[in-house]
Amino acid sequence: MSIDLGPRTAAFRDEVRQWLDANADDEARSLREERRPSPEQAAAHKRWGDRLLEAKLICVAWPEEFGGRGLTGIELAVLNEEFARAGVPRVTRGMGESLVGPSIIAHGTDEQKATFLPRIISGDDTYCQGFSEPNAGSDLASLRTRGVVENDEVIVNGQKVWTSGYWAANMMFCLCRTDPDAPPHRGISYVLIPIKVDGRPNGVEFRPIKQITGQAHFAETFLTDARAPLFNVIGGLGNGWRVAMTTLGNERGGNATTQYVAFEREFWSLVELARETGQIDDPRVRDQLAWAYSHVELMRCQGERLLRALAAGKTPSGAMGGSVNKVFWSEYQRRLGEIAMNLQGAASLLVGPDYKLNRWQSTFLTTRSHTIWGGTAEIQRNIISERILGMPREPVRK
Amino acid sequence: MTTTSLGAREELRASLREFLTDKAPLSVVRQQVELTQPLDRKLWETLAGDIGAQGLAIAEPLGGAGAGWAEVAIALEETGRALTPLPLLATVGLALPALLAADDSDVQSELLPRIASGDLIATVAWVGDDGAWDGSGNTVRAHDDGRESRLSGRVSYVIDGDAADLLLVVAADDNGRSLFAVAGDADGITRTTMPTLDLTRRLATIDVDGVIGRRIGRPGSADDILSAALEHARVLLAAEMLGGAQACLDMSVNYANSREQFGRPIGSFQAVKHKCAETLVQVEAARGGVEAAALALDEEPDRVKILAPMVKAYAGEAFFRAAGENIQIHGGIGFTWEHDAHLYFKRAKSSDLLLGDAAYHRAALADRLGL
């Protein structure tokens, strides 16, 4: 890509590249993003993470005063590009970095910032999310988990669901209703709940949910008199909806300029499959492959467009990322999984011992969740039509 | 690419939009195409004089603006949005890149200033009666009598062929296939307007019978020149289709927000909102692709062979979808001749098929990826 990003960005790219040249060793290059790493993988991941921490390459998008580097969108893109080029993962602090931190920065008190932010950066605190409930999915504001204030504590009771990353978490950022008489969006509070207190259970119980893939990547969570200090309420009691919406704003968007890299790798694996199964000369298969490549390349083009806008000092339009991007890639990859299953033919019918899936079966099944989590494809289309196209909201039944 | 050029391109877009809204609104376009009036040469000249759209990719010493193809793409996007019935695609999207690829400085210094000034309308003629876009049905042959070349035969589906002052005709000769410049009013030429489903796209059949042609480029180089020209045409037609798709989306949203049924705007129903949202997703993807492809024509020639067929295919399908949904969202009124929706719908299908449909271009993409 030939976008001139100016001398300051070029210097930053040099700095990152030099650091990576000096530090990205074989172990770091062998690291893969595992949903559920083995202890050895986790240890290697931590060693690499510690190096990044030392070099201040963690939580880089946060402002410098809160321990980040205050990177601009362009610099973040450059950082991602350089890490991708070096073949090493950019260790993040997960939802602590992308969701909780930005919420605290936007809505927390100085004391809350000083308490919680360094622990996210250091990796001492790992967060899981407690938003969705069995009866509050897309309609999140109808959530029923109760939070009762007693003295200087909030006592939380209720049930959450789709808690991903629960096995690694020591904290949960949770939405609960602290004022049952207020209108749905008003009576909600955003509470940071420790999973354990002084090594003892704090009324947070996870029960793994087996997914259609046969694996259990998330859990349902039962909160029974789970306690958090009032200090852990971000943005004040009853203000949780606003705090939560900041986090959702940060969850969407992300790494638009490097996103295509993994999809491109996946595409060439699919081509390999078409060759192995002797279907590469079938015009129908070639049409599907060209269709798939087009979508990957269009993601790359869209990322470049975003970067050009940033380089020109413009605020990218909402249509360049967020919901539009989510709909595009999630529906693309779902279709890719279907194409791969068809290419495998009869081999797609069988699984290994313990319901072990092959790569494409896994893609085929996993991609069904991508159009659901983080706002379903339908919710994304509502957002697109209302916020980008300015169309009217669906009237709410009184 | 620099920061200033992004700003300059947005200024170009704004002035073009203002120009077209003022000089060629849809009401005027409709009148012109329905009465099959001849091409509005005055508008063409004013477009060159006021905006300089025809000379954007022509070097300054040759009377152009010395900008680039990214700027040309914006011009096509805007004329596509407005359905402007001017020969921009033929002249700047086909003939100009052919003349540049022919790499003949005498020809360029003679013809390019005339294109930039709006004096010359040009096109390329290579497809035969069978409509095969690879030109396999082209029957024109050139005979060299020692002094000059004379062309005989027929080409069809010539974009703006009835209005062009200059036709770049591909003809078979002893060297294979060569490109010849033929005057639109030459002795022995017969131009027949083809009746088009898409009222806003003019196509013509050209019969030549011993017509004098001037060879452009090396003997036998027509295939190379044509393939360079078509690469540009794919990207610029995609830009034109992007503009059309955006126009359809805007029409759909405006109508859905104002039309009321069951006591509320139909735009508040998810069934309608989601159609518009999906169209936006595809329009935005097409926009990213078109911008990248147009910039690649200027700066990254290696990427063109991938991006050009890709955007032609994608923008074609996106435009067609947008135009179809636009009729659907408008309901009965959208099915009437009186409404503008059908002009876009027909333009969308004709553009989707022009130069080869999406499947044709995906097949080309698969080949170019080495699959």
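For the stretch A:317-330, does any single residue satisfy the condition of being assigned to a helix (DSSP H, G or I), among the charged types (D, E, K, R), within 28 Å of B:Glu10 (Cβ to Cβ) and within 14 Å of another protein chain (Cβ to nearest Cβ)? Yes: the stretch A:317-330 contains one or more residues that are assigned to a helix (DSSP H, G or I), among the charged types (D, E, K, R), within 28 Å of B:Glu10 (Cβ to Cβ) and within 14 Å of another protein chain (Cβ to nearest Cβ).
Residue-wise test of (1) more than 11 Å from chain A (Cβ to nearest Cβ); (2) surrounded by fewer than 24 Cβ atoms within 10 Å (Cβ to Cβ); (3) without any contact (Cβ under 8 Å) to a residue 60 or more places away in the chain.
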residue	(1), (2), (3)
B:Glu231	yes, yes, no
B:Met241	yes, no, no
B:Gly244	yes, no, no
B:Ser258	no, yes, yes
B:Arg264	no, yes, yes
B:His274	no, yes, yes
B:Glu278	no, yes, yes
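Answer yes or no: is there a residue in the stretch A:364-384 that is at pLDDT below 95, in contact with a Gly (Cβ under 6 Å, 6 or more places away or on another chain) and closer than 30 Å to B:Met251 by Cα. There is no residue in the stretch A:364-384 that is at pLDDT below 95, in contact with a Gly (Cβ under 6 Å, 6 or more places away or on another chain) and closer than 30 Å to B:Met251 by Cα. When A:Gly240, A:Gly199, A:Gly235, A:Gly187 are checked against the criterion of being crowded, with 18+ Cβ neighbours inside 10 Å, more than 26 Å from A:Thr376 (Cα to Cα) and over 18 Å from the mean Cα position of the chain (by Cα), A:Gly235 stands alone in meeting it. Candidates are the residues of the stretch A:287-303 that are surrounded by 21 or more Cβ atoms within 10 Å (Cβ to Cβ) and charged (D, E, K, R); the one that is nearest to B:Val235 (Cα to Cα) is A:Glu297.
Remark: B:Leu307 matches the filter, which requires a residue to be within 12 Å of chain A (Cβ to nearest Cβ) and either under 22 Å from B:Glu77 (Cβ atoms) or aliphatic (A, V, I, L, M) (or both). Here A:Arg275 does not fit the description of being within 9 Å of chain B (Cβ to nearest Cβ), crowded, with 19+ Cβ neighbours inside 10 Å and among the charged types (D, E, K, R).
Which is β-branched (Val, Ile, Thr), part of a strand (DSSP E or B) and either modelled with pLDDT under 95 or within 18 Å of A:Ser103 (Cβ to Cβ) (or both), of A:Val154, A:Val149? Matching residue, one of A:Val154, A:Val149: A:Val154.
Within the stretch A:215-249, restricting attention to residues that are of a type in the set (Val, Ile, Thr) and at pLDDT 95 or above, the residue that is nearest to A:Ser98 (Cα to Cα) is A:Ile234. A:Gln380 fails exactly one of the following numbered conditions: (1) outside any helix (DSSP H, G or I); (2) within 11 Å of chain B (Cβ to nearest Cβ); (3) under 29 Å from A:Gln288 (Cβ atoms). What is the number of that condition? The number of the failed condition is (1).
Entry remark, the stretch A:292-316: residues being in a helix (DSSP H, G or I) and either of a type in the set (Val, Ile, Thr) or without any contact (Cβ under 8 Å) to a residue 24 or more places away in the chain (or both) number 5 in total.
Quick check: anything in the stretch A:55-78 in a helix (DSSP H, G or I), within 14 Å of chain B (Cβ to nearest Cβ) and within 25 Å of the chain's Cα centre (by Cα)? Yes; the residues of the stretch A:55-78 include at least one that is in a helix (DSSP H, G or I), within 14 Å of chain B (Cβ to nearest Cβ) and within 25 Å of the chain's Cα centre (by Cα). The set of residues in the stretch A:1-56 that are at pLDDT 90 or above, acidic (Asp, Glu) and more than 15 Å from A:Arg85 (Cα to Cα) comprises A:Asp50, A:Glu54. Could you please let me know if B:Val290 is buried (at least 23 other Cβ atoms within 10 Å of the Cβ), among the hydrophobic types (A, V, I, L, M, F, W, C) and in contact with an Asp or Glu (Cβ under 9 Å, 6 or more places away or on another chain)? Criteria met by B:Val290.
Looking only at residues in the stretch B:85-138 that are hydroxyl-bearing (Ser, Thr, Tyr) and at pLDDT 95 or above, which one is surrounded by the fewest Cβ atoms within 10 Å (Cβ to Cβ)? So the residue we want is B:Ser109.
The values are calculated or read from the model by the stated rules, or taken from the named source; none is laboratory data. These numbers come from a predicted model, not from an experiment. Positions of Cβ are backbone-derived with ideal geometry, glycine not excepted, and every protein chain shown enters the neighbour counts.
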